[in-house]
Amino acid sequence: MNLPVGLKSKILKNELSCKHTTFKIGGRVPLWIEPVDLDELLKILSLFKREKRRYFIIGSGSNLLIRGKGIKEVFIRLSSTYFKSLKMIKGNIVSGCGVSLNSIINFSAKNSLSGLEGLCGIPASLGGAIYMNASSNGVAISDYVKEVKIIERNLSIKTLQKKDISFAYRQSSLKKAIIIEAALNLDKCSKDKVLKRKEYYLIKKRKDQPLASKSAGCIFKNPDNSKYSSAKLIEMAGLKGASIGGAKVSSKHANYIVNYNQATAEEVKLLIKKIRGVVKKKYNIILKREIIYI
Ligand SMILES: Cc1cc2nc3c(=O)[nH]c(=O)nc-3n(C[C@H](O)[C@H](O)[C@H](O)COP(=O)(O)OP(=O)(O)OC[C@H]3O[C@@H](n4cnc5c(N)ncnc54)[C@H](O)[C@@H]3O)c2cc1C
């Protein structure tokens, strides 16, 4: 495949994807592209469209399990300065898709705006958070989304109002779109209060979840047909600390698998299979995966 000449974007061949995921798992990607701006992104996408080339948009890589071998997709990460703009426009925070949730929360505090503090500690980019409708402590990113600028499959650029998007538990209707930017409508609040709330949720998350370990966050969604969370079911099934190869069920939070010793994607998948099997057998509940396999 010949990329358009004279591109200023970062283009890497055979890039190791494990460097870009929080699990620190993943093999070599044939082509890794970080477009310098929207113009170059569109040029690259139109070439892929013409050549029917499969690509994958990666955010902060915090919800992914990437296989070790045979990756065919081109990876595109929107992390250049262009996609990291963060500004106030008419009282709304307008953020590029590549900005981290934590930076947006700090920016909201600076501007005396509140709402997203419950999401503190989630290592997501805004694009990934909107795509997955990240949520925590009773707050979902969708609660504060006003509008989202996207590239559609046909490569046209569109700004969707919140009413045009459907959000549900860990999903959005933006599956076929590339999220470029979003406007967030937060509540007025004193800076001190926002910072205190942020600190409270961060301490809570650090206490309950293995944030310092290599993981992809919660492996399973919480079941809607049980009074127990997935973590509780896995714990009751006696699987805390269970391991396969370098992958282990966290002893801090049973819905986390941690890569504690150079785990492979296969080992994580086997452990996931084992957990699902045991929970199904003991409680007749089928756990649904939250993390995405590539
Ligand atoms: C320690 C830890 C704690 C976590 N805690 C939580 C939590 O409390 N709540 C929660 O909901 N999640 C949590 N997660 C999971 C994860 O952070 C979220 O799912 C997050 O929304 C993923 O964002 P990302 O930028 O890392 O996306 P990635 O993992 O890179 O990608 C996830 C999906 O989003 C898509 N995507 C990313 N960017 C774009 C874009 N610009 N346009 C279109 N699609 C895009 C990707 O194609 C992929 O399908 C946690 C993860 C970790 C490691």
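Select from region 98-114 the residues that are closer than 23 Å to D37 by Cα and in contact (Cβ under 8 Å) with a residue 60 or more places away in the chain and list them in ascending order.
Let us first name the residues in region 98-114 that are closer than 23 Å to D37 by Cα, namely 98-104, 107.
The one that is closer than 23 Å to D37 by Cα and in contact (Cβ under 8 Å) with a residue 60 or more places away in the chain: I104.
Look through P4, P30, P35 and report the one residue that is more than 16 Å from the ligand (Cβ to nearest atom) and modelled with pLDDT of 95 or more. Can you show your working first?
On the way: P4 fails: modelled with pLDDT of 95 or more; P35 fails: more than 16 Å from the ligand (Cβ to nearest atom).
It is P30.
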Residues being surrounded by fewer than 19 Cβ atoms within 10 Å (Cβ to Cβ), more than 13 Å from the ligand (Cβ to nearest atom) and not hydroxyl-bearing (S, T, Y) - total across region 111-146: 2
Hey, K176 assigned to a loop (DSSP other than H, G, I, E, B), touching an Asp or Glu at 6+ places or on another chain (Cβ under 9 Å) and in the same structural domain as S112 (by TED's automatic domain parsing) or not: yes
Qualifying residue in region 31-44 (condition: surrounded by fewer than 17 Cβ atoms within 10 Å (Cβ to Cβ), among the aliphatic types (A, V, I, L, M) and more than 20 Å from K176 (Cα to Cα)): yes
Qualifying residue in region 273-288 (condition: among the polar types (S, T, N, Q), out of contact with any Asp or Glu (no Cβ under 6 Å at 6 or more places or on another chain) and buried (at least 21 other Cβ atoms within 10 Å of the Cβ)): no
Members of region 169-191 found to be modelled with pLDDT of 95 or more and more than 24 Å from S108 (Cβ to Cβ), listed by number: S173, A177, I178
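The values are calculated or read from the model by the stated rules, or taken from the named source; none is laboratory data. Because the structure is predicted, anything quoted here is derived from the model rather than measured. Counting neighbours? That spans all protein chains shown, and the Cβs are built from the backbone with ideal geometry, glycine included.
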